[in-house]
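Enquirer: Before anything else, here's the structure in question.
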């Protein structure tokens, strides 16, 4: 398999260098083959722009060279069934000003879908960002404001935003932790009498023998994070529901795309219960 992939990468590179102009259809093939072979470093421009959020996710310093960027992108997609398709105008919007006249593609099947802008003249990737996300986050303030949460929560319980997990994984991602913190966790944990009901879920594709365990482990991961923030163990109730409560309506035939669609089922919800 490795010799075949290497040969494919060399063929792609040779074709790209021999022709006078690259078409968008050819560019899609180049991007796909470069990511699955790991043997096409030259596809990354020395002047490539990475969205700050993606650079942080890939743990790349600002001065990382094109080889390091390429290796990080290959690592991000390694072992996954990816596909590359043209981006819609709506998907392209976050890159519109930066991409110029470069065609923009969506790389699906990675840990998170990517947007890539391809320079047809140089046959190289010019821009890469997370799909469905702004190019950069707003500048942080000296003291980031917490969401408005009254110290007197009243009598009604409420749900925090759901926390999502990767397929067959129960590890809290940076995005999940940020989502918890954005929910005003700092103010909540200061209220010692507040109780938390944590409910974990899995999706229908995850192995039958692991669905219950994964849902439980995901709930435990959120519980452990709350405990680390100072929530007393006796104030936390925890439940795992396996794949018994689905919120998605996914029917894609492509397994990688289906897994991405089912993310809404790989979730943990946190119900905040005010003191009685």
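Nothing in this text is a laboratory measurement; each read-out follows from the coordinates by a stated rule. Here the structure is a predicted model, which means the values were calculated and not measured. Note: ideal-geometry Cβ built from the backbone for every residue, glycine included; neighbour counts use all protein chains shown.
Enquirer: Any chance you could run the full-extension gain for residue 204 through residue 161? It's 0.36 nm times the residue separation minus the Cα-Cα distance, nm to one decimal. Could the numbers behind the result be given before it?
Expert: On the way: separation 43, 0.36 × 43 = 15.48 nm, distance 2.16 nm.
Full extension of this stretch gives 13.3 nm more.
Enquirer: Sticking with this one: Take the Cα gyration tensor of region 155-198, multiply each eigenvalue by 5, square-root it, and list the three semi-axes largest first, rounded to whole angstrom.
Expert: 23, 12, 9
Enquirer: Continuing with this model, one more query. In Å, what Rg and Dmax follow from the Cα atoms of region 41-92?
Expert: My reading of the Cα-based Rg and Dmax gives 12.3, 31 Å.
Enquirer: Could you list the square roots of 5 times each eigenvalue of the Cα gyration tensor of region 21-117, that is, the equivalent ellipsoid semi-axes, sorted largest first and rounded to whole Å?
Expert: Equivalent-ellipsoid dimensions as semi-axes: 19, 16, 14 Å.
Enquirer: Here's a follow-up. Testing the spin-label approximation: label points 7 Å from Cα along Cα→Cβ at residue 59 and residue 168. State their distance in nm.
Expert: It is 2.2 nm.
Enquirer: Next question, about the same structure. Using only the alpha carbon atoms of region 158-273, find the Kirkwood hydrodynamic radius as the inverse mean reciprocal pair distance, in angstroms to one decimal. Could the numbers behind the result be given before it?
Expert: Working: mean 1/r = 0.0695 Å⁻¹.
For region 158-273, inverting the mean 1/r across all distinct Cα pairs yields 14.4 Å.
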